[in-house]
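Let me begin by presenting the structure, written as structure tokens, before commenting on it.
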Amino acid sequence: MEADSRSSSRSKQLVVLALVGGVLPAIAFCQIRDEKARLLLATSALVSACGFLATRWLVPLVGAKTASRGICGKDLNKRGTPMGERPIPEAGGLAVGCVFLLCVICFELLHYYDIGSLVRWLGSSFQEGGVRLEQTSDAWLVDYNAAMATICFMLFLGFADDVLDIRWRVKLVLPFFAALPLLAAYSGGTGVAVPKPLQTWLG
């Protein structure tokens, strides 16, 4: 009886969260007058929803695969309880990271190509016309791809840590190399803005 009550309460909480998370963005979406911006937001929301469904589908598969290979651990916060002895699959973040990268690549395409022509081209089964490019600078594309390279490196670092159990002194150094693509691609100025309350103290 208590379990059914907790399940019902949990279901109500999820319904409330879904309503709040869906109604407020829908109201804000209806206030947008620019047709191109609305189409871009709707397409981005569709890509995000597909990413959520793909993650929900992939995480159990990756967890089962890593568990079958012995890549699993135990919950240290539940030590001494029956749940603390249950093996937990590791490297599940690999599925999340790969789906995230695919969604980021889709967002890049949405920004790089004209969204109207892209939707018409996809809707016509790749038959109608072609896809027009947006007027964007190549510098933006370089920064975007550098950021994706950094994300890929950190994703690889996380997976390698799950498999190889990398020592902390090595993990502290590797993010520096992961940030090198961003440092190489960054073309702006560098500076530190001191907060106004601290300017009198720091000069």
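All of the numbers you see were taken from the coordinates with simple rules; none came from a lab. Every value quoted in this text rests on a predicted model; they were computed, and no experiment measured them. Here Cβ is always computed from backbone atoms with ideal geometry, including for glycine, and neighbour counts include all displayed protein chains.
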Pairwise centroid distance, computed over Cα atoms, of segment 61-102 with segment 151-173, Å: 16 Å
Cα-projected label distance for LEU76 with CYS30, points at 7 Å along beta-carbon direction, nm: 5.0 nm
Potential lengthening between GLU85 and SER187 on full extension [0.36 nm per residue; Cα-Cα distance subtracted]: 31.6 nm
ALA67-VAL15 pseudo-label distance in nm [points 7 Å out on the Cα-to-Cβ vector]: 3.1 nm
Around LYS74: net Lys/Arg minus Asp/Glu count, Cβ-Cβ under 12 Å: 0
Packing-based ranking, highest mean first, of 19-26, 142-149, 173-180, 89-96 given that Cβ atoms within 10 Å are counted: 89-96, 142-149, 173-180, 19-26
Distant-in-sequence amide H partners of CYS72 (H built 1.01 Å from N, under 5 Å): GLU90
